[in-house]
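Please treat every number below as a calculation from the coordinates, not as lab data. Values in this document were obtained by computation on a predicted structure and should not be read as measured data. Because the Cβ atoms are built from the backbone with ideal geometry, glycine has one as well, and the counts that use them run over all protein chains shown.
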Amino acid sequence: MIEVFLGILAGCLTGLVPGIHPNTLAVFLLSFSSLLPFDPLGFSLFIFSCALTHTFLSFIPSIFLGAPEDTTALSVLPGHRFLLEGRGMEAVYLTVVGGLGVVVLTSLLFPLLLFLLPALYSGIKPWIWLLLLGVAIFMILSEKRKLRACTAFLLAGCFGFILLSKPVLPLTLLFFPVFTGLFGLPTLLLSLKGRTSLPEQSQDWNRAEKPWGAVGRGWLAGLVMGVLPGLGASQAAVLVHEFGKKDLRSFLVSLGGVNTVASLISVLALYLISRPRSGVAVIIEKLVWVDFRLVLILIFCSLFVSGISAILTLRIASGFSKFLSRISYRKVVLIVLVFLVLLTALLTGPYGLLVLITGTAIGLLPIKWGLRRSHGMAVLMLPIILGGLGLM
Amino acid sequence: MDRFELLCLVVAGIGILGMLLVGWGYENAVKVGEIKDEMVGVWVKVCGNLSGRYSGENWFGELRDGTGKIRVVAFGLNGIRPGPACIQGVVESYKGELEIIMKRYD
């Protein structure tokens, strides 16, 4: 049990500090595994708990500071809008409802997953690029300014193609400047214009009327994308964004769900389809043999971890929102901007800074042109579509 | 504490109860007969009767249980003795046969 508690603590750290991913922490700790008081099973539970907690906490910097990662990128805009209306806590609460909901749903429907997931994996795998191509066409055609939408999509897509065809950095590190540039910095730069302080953040946020539809959509999208090779929560988020309800509250619930279920299912896939679907799952595969009893332990562990993480996320976010209301918002934005640039320089060097500047320029275009911000997700979509066509 | 946090605690309570019930006495050990080709590269724990001897700093032998036997190799691991034992290590394939590279000896 101590490993699970430590995993939750580590997940709080990786979730709250932008740029630290559980994969990075797990690989770092694995190299010192002989010094740690964990056996392989304990270490597996530790990183599993850490990864799951991370999916809850990572919405706090994304919503309050505009510092996202690939899986939370699309929450920046609705999250920021909620924040500027004094409803930042409500945005965090909605993602927590989604996260907790999908874990409960996965636990209840696990017997069904035993049969559904292997069939889903072999059935959809060859066609996923076609699905993403359909989403891309829909994203462009649903805009009023189609030529500009096409340009914004292709620019972000080419950016992704260049970065991912020969990655100079490990992907978890590379994604930090990419998504901070595409989604984080443009939001922060625009925030510098005008507003000098944040409105009082409402603490009356405990409302999510009938969230099960949104939880179900997030669960399904996260499940499909979490299990397919080369895809993940970020692509699932695009699907939910384009095909889910346009109501921002439902979208935030689904997004919270997508992130958590993709992380959970990527590890359960070790048993269900005998393949790891995330960096954390790859490490767990090397540590333990995942049998049926261990899968049951992991499912119960996910219930425990998500229950505790949900409470921790709300308590930490509540304290953070009260703190933010008391200080100059312009100063906070400036400090966060400098922090993100320095962190990028520290983690990824001059190459990362170049990626950050390019990403910010591309990320500002949809805002200036009055387009949806999700075009920035073409950074991952286009390389997968090109891969499906055999061009990458 | 509001109703949602109470719900979170109930979910966490079910989780911890389930973990304790399902995990009671669980060792994540496999039988020798269950070790298959697709487990190459995977860390396993196996209990059985260990036989073999040291050659220099390295140990060569085999582990048997009621379901089969498998070759066991340990590089630079001290204190290994023949007899009943639980070992942990990585499954590897050597000259077409599966073996365990022992990393821990209990």
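Some values worked out for this structure:
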read-out	value
Expected 222 nm ellipticity per residue - DSSP helices of 4 or more, -39500 (n - 2.57), all of chain B, to 500	-7000 deg cm²/dmol
Under 15 Å, Cβ to Cβ, from B:V73 - net charge with Lys/Arg +1 and Asp/Glu -1	+1
Within chain A, longest stretch free of exposed GluC sites (Glu not before Pro) [DSSP loop, at most 12 other beta carbons within 10 Å]	A:1-199
Shielding by other protein chains, A:40-47, mean Cβ within 10 Å	2
Two-decimal Rg/Rh across chain B, once Rg and the Kirkwood Rh are taken from alpha-carbon atoms	1.22
Cysteines (scope chain B) whose Cβ has no counterpart Cys Cβ under 4.7 Å	B:C8
FRET E, pair B:E5, B:R104, Förster distance 30 Å, beta-carbon r, rounded to 0.05	0.15
Highest to lowest packing among B:75-84, A:178-187, scored as the average C-beta count within 10 Å	A:178-187, B:75-84
Order of A:W212, A:W219, B:W59 - criterion: other Cβ atoms within 10 Å of each residue's Cβ, fewest first	A:W212, B:W59, A:W219
Listed residues A:P118, A:V355, A:F5: farthest to the positive end of the dipole of segment A:2-388 (Cβ charges)	A:V355
Label point 7 Å beyond Cα of A:F292 along Cβ direction - residues of segment A:84-113 with amide nitrogen under 19 Å	A:107-113
FRET E, pair B:L17, A:L116, Förster distance 30 Å, beta-carbon r, rounded to 0.05	0.65
Percentage, to the nearest whole number, of Cα pairs in chain A over 38 Å apart	12 percent
Packing-based exposure ordering (other Cβ within 10 Å, fewest first) of A:T260, A:T313	A:T313, A:T260
Per-residue average of Cβ from other chains inside 10 Å of A:311-317	2
Centroid-to-centroid separation of segment B:23-73 and segment A:162-180 [C-alpha atoms, Å]	40 Å
Listed peptides A:364-373, B:95-104, A:265-274 by packing density, highest first (mean Cβ within 10 Å)	A:265-274, A:364-373, B:95-104
Exposure proxy ranking, count of Cβ atoms within 10 Å, fewest first, for A:F48, A:F64	A:F64, A:F48
Kirkwood Rh, angstrom, segment A:302-392 [1 / mean 1/r, Cα pairs]	17.0 Å
Charge sum, other residues only, whose C-beta stays under 14 Å from B:C86's C-beta, Lys/Arg counted +1 and Asp/Glu -1	+2
Chain A - mean residue ellipticity at 222 nm from DSSP helices (-39,500 (n - 2.57) per run, n ≥ 4, rounded to 500)	-24500 deg cm²/dmol
